[in-house]
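The values are calculated or read from the model by the stated rules, or taken from the named source; none is laboratory data. What you see is a predicted model, and the numbers here were worked out from it, not measured in a lab. Here Cβ is always computed from backbone atoms with ideal geometry, including for glycine, and neighbour counts include all displayed protein chains.
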Amino acid sequence: MKIWKVILATIVIFAAGAFAGGMLVKLSRPKPETPPPQFLTQQFFKERLKKELHLTADQTNRIDKIFADSGANMKILWDLIGPEVEAEKREVRDKIRKELTAEQREKVEQLLKQAPHRPEGPRRPRSGTNSTNSVKLAPTNNAAL
């Protein structure tokens with residue numbers, strides 16, 4: 001009877017170790033970042049153009065074609081440079097991690113898991129806004145880790 005307890009305990013410990021190892025590998029593997037989907041950027045801008053500029057049907061059709069062509073070109077460009085951009089970002093993160101203490105590395109990992117947030121303070125005016133919002137801001141260097 002005692003041998004079965006040892007065998008069962010060994011199996012449980014092995015299974016727990018395998019599970020923990022699998023989770024560690026899954027969590028430590030960098031996930032490739034992709035550009036925002038087209039519908040989140042160009043589609044939003046296109047709808048705003050239609051709404052705010054009161055485009056004619058002919059203008060709408062031509063602008064739709066411009067956005068469609070641009071989307072195809074952007075996909076080609078991202079396919080070409082996307083892997084290099086991701087490799088550079090990983091290299092920068094690795095170099096930064098080597099400069100940090102273990103405690104700082106833990107904090108950086110938590111920061112990287114959080115969604116990026118918009119910095120506080122006045123926002124830059126968009127083109128086409130009224131002149132009351134036109135505040136000149138100093139350029140910032142917010143390079144992502």
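Some values worked out for this structure:
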{"quantity": "Unmet requirement for Pro83, which otherwise passes all of (1) modelled with pLDDT under 85; (2) closer than 26 Å to Arg29 by Cβ", "calculated": "(1)"}
{"quantity": "Residue pairs meeting the criteria (Cβ under 7 Å; at least 6 apart or on separate chains; first within 18 Å of Gln43 (Cβ to Cβ) and without any contact (Cβ under 8 Å) to a residue 12 or more places away in the chain, in region 54-67; second basic (Lys, Arg) and part of a helix (DSSP H, G or I))", "calculated": "Thr60/Lys50"}
{"quantity": "Residue satisfying all of: in region 105-115; assigned to a helix (DSSP H, G or I) and within 14 Å of the chain's Cα centre (by Cα); surrounded by the most Cβ atoms within 10 Å (Cβ to Cβ) among these", "calculated": "Leu112"}
{"quantity": "Count of region 3-38 residues which are charged (D, E, K, R) and modelled with pLDDT of 80 or more", "calculated": "1"}
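Yes/no per residue for (1) touching a Cys at 6+ places or on another chain (Cβ under 7 Å); (2) modelled with pLDDT under 85; (3) surrounded by 11 or more Cβ atoms within 10 Å (Cβ to Cβ); (4) not polar (S, T, N, Q):
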| residue | (1), (2), (3), (4) |
| --- | --- |
| Leu40 | no, yes, no, yes |
| Glu52 | no, no, no, yes |
| Ala57 | no, no, no, yes |
| Glu103 | no, no, no, yes |
| His117 | no, yes, no, yes |
| Ser127 | no, yes, no, no |
| Leu137 | no, yes, no, yes |
| Ala144 | no, yes, no, yes |
